[in-house]
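Participant: Below: one structure in C-alpha cells.
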Amino acid sequence: MNNSFVNTARLLAAGLRALLVLTLVTGVLYPLAVTGVARSLFRDKADGSEISAQGRVVGSSLIGQAYDLPLAKGQETPAPDLKWFQGRPRNGLGVNSVNTRYTLILSGATNRSGDDPELIDWVKAAKAAVVKDNSVPGNPVRPSQVPADAVTSSGSGLDPDISPAYAELQAPRVAVRNGLPVARVEKLVKDHTQGRTLGFIGEPRVNVLELNVALRELSAGR
C-alpha cells in the first residue's frame, strides 16, 4: 500500500480522535462541571438572577422592564402606567427593527453626542413628562428636581436600576395612584435602596422590578 496514503489515513484518524476527545472535554464535561459548580454555589446568579412574585417568575434583577398601559387605538408608543415606579428612558432600544423596548435581541445606547439636536429634544421632552407625571396635589415637581437618570437611557438601554433621587421623586405620585400613605411608599424606597458595591464602587441604586414587586405586596396588604 502507498506509504503516503497510510500516513495520511493515520493523521486523519489521529485528528478525528483528538476532535472527539476535545469535543467531549470542552463541549460536554467542562460545561457540565461549570454549570454544576455555579448552580451549587451561586444558584440565584446561575439561574439568571430571577425575581419571583405570587409563585411565578416575573423577571430578572439584571434586566429592566417597561411598566406601560396597553397600547390604545391609534397610539404608536404606549403611555406609562403611573401607579408603578418607572425606570430609565429606553431611547437606545427603540430605533431599530429587531429590538424595541426591552425585547432582548439587541441592546445598546443612542450613540449620540451631547449636542445632538434630537438627543436634546428627547431630554427636554423626558424632563417635561417627568415633571407633569409626578406633580401631584400638594407636591409639585420642579424641573431642577429631575435627576439625570430620569431623562437619559443607560449605555445598554437595559439598566434595571434608578437612582434613589428618582425613586423618591416618584414616591408621592405612586402613593396617590395606589391610595397609600406617602410615608409608607417613601419607606419602601429606602428599604430597597442599595449602597455602593463593596462600599466604594458605583452609586447607590434602587432596583425598579424589586421595588414594584414590594409595592404590589404593600398594596395588596393594605
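Participant: Return one number: the angle in degrees, 0 to 90 and rounded to the nearest 10, between the long axis of the Cα atoms of helix 3-24 and the longest principal axis of the Cα atoms of the chain.
Facilitator: It works out to around 30 degrees.
Participant: For Val136, what residues show an amide H to amide H distance below 5 Å, using hydrogens built from the backbone and excluding near sequence neighbours?
Facilitator: The list, which skips near neighbours in sequence, is Val141.
Participant: Okay, moving on. Could you tell me how many degrees, from 0 to 90 and to the nearest 10, lie between the Cα long axis of helix 164-178 and the main elongation axis, the longest principal axis, of the Cα atoms of the chain?
Facilitator: 60 degrees
Participant: Tell me, what is a quarter of the convex hull surface for the C-alpha atoms of region 107-206, in nm² with one decimal?
Facilitator: Reported value for the Cα convex hull: 7.6 nm².
Participant: Still on this structure: Whose amide H sits under 5 Å from the amide H of Gly59, counting only residues 5 or more places off or on another chain, with H placed in the peptide plane?
Facilitator: Sorted by chain and number, the residues that satisfy this are Ile51.
Participant: Given contacts defined as C-alpha pairs under 8 Å and at least six residues apart, what's the relative contact order of the chain, whole-number percent? All intermediate terms of the calculation are to be shown ahead of the outcome.
Facilitator: Numbers: 273 pairs, mean separation 39.0, N = 222.
Normalised by residue count, the contact order of the chain is 18 percent.
Participant: Further question on the same structure: Between region 108-133 and region 171-222, what is the separation of their alpha carbon centroids in Å?
Facilitator: 25 Å
Participant: I need to check one value: relative contact order of region 112-222, counting alpha carbon pairs closer than 8 Å and at least 6 residues apart, in percent. Walk me through the numbers before you get to the answer.
Facilitator: Values: 110 pairs, mean separation 23.2, N = 111.
Across region 112-222, relative contact order equals 21 percent.
Participant: Filter Lys73/Lys127; Lys127/Lys187; Lys83/Lys124; Lys45/Lys73; Lys45/Lys127; Lys45/Lys132 down to the pairs with a C-alpha to C-alpha distance above 32 Å, please.
Facilitator: Values: Lys73/Lys127 26 Å; Lys127/Lys187 25 Å; Lys83/Lys124 23 Å; Lys45/Lys73 40 Å; Lys45/Lys127 35 Å; Lys45/Lys132 38 Å.
From the list (Lys73/Lys127; Lys127/Lys187; Lys83/Lys124; Lys45/Lys73; Lys45/Lys127; Lys45/Lys132), the Cα-Cα distance tops 32 Å for Lys45/Lys73; Lys45/Lys127; Lys45/Lys132.
Participant: Taking θ = phi - 60°, what integer Hz values does the Karplus form 6.51 cos²θ - 1.76 cosθ + 1.60 yield along region 126-139, in sequence order, with x for Gly and Pro?
Facilitator: 5, 5, 4, 5, 4, 4, 5, 5, 9, 7, 10, x, x, 8
Participant: Follow-up. How large is Rg over Rh for region 6-96, taking Rg from the Cα atoms and Rh as the Kirkwood inverse mean of 1/r across Cα pairs?
Facilitator: Taking Rh as the inverse mean 1/r over Cα pairs, Rg/Rh reads 1.32.
Participant: Taking a ≥ b ≥ c as the square roots of the Cα gyration tensor eigenvalues, with a/c under 1.5 meaning rounded and otherwise prolate when a/b beats b/c, else oblate, which class fits region 3-44?
Facilitator: prolate
Participant: Can I ask one more? In the chain, how does Rg compare with the Kirkwood Rh, expressed as the Rg/Rh ratio over alpha carbon atoms?
Facilitator: 1.19
No value in this document is a laboratory result; all are computed from the given coordinates. All values derive from a computational prediction rather than experimental measurement.
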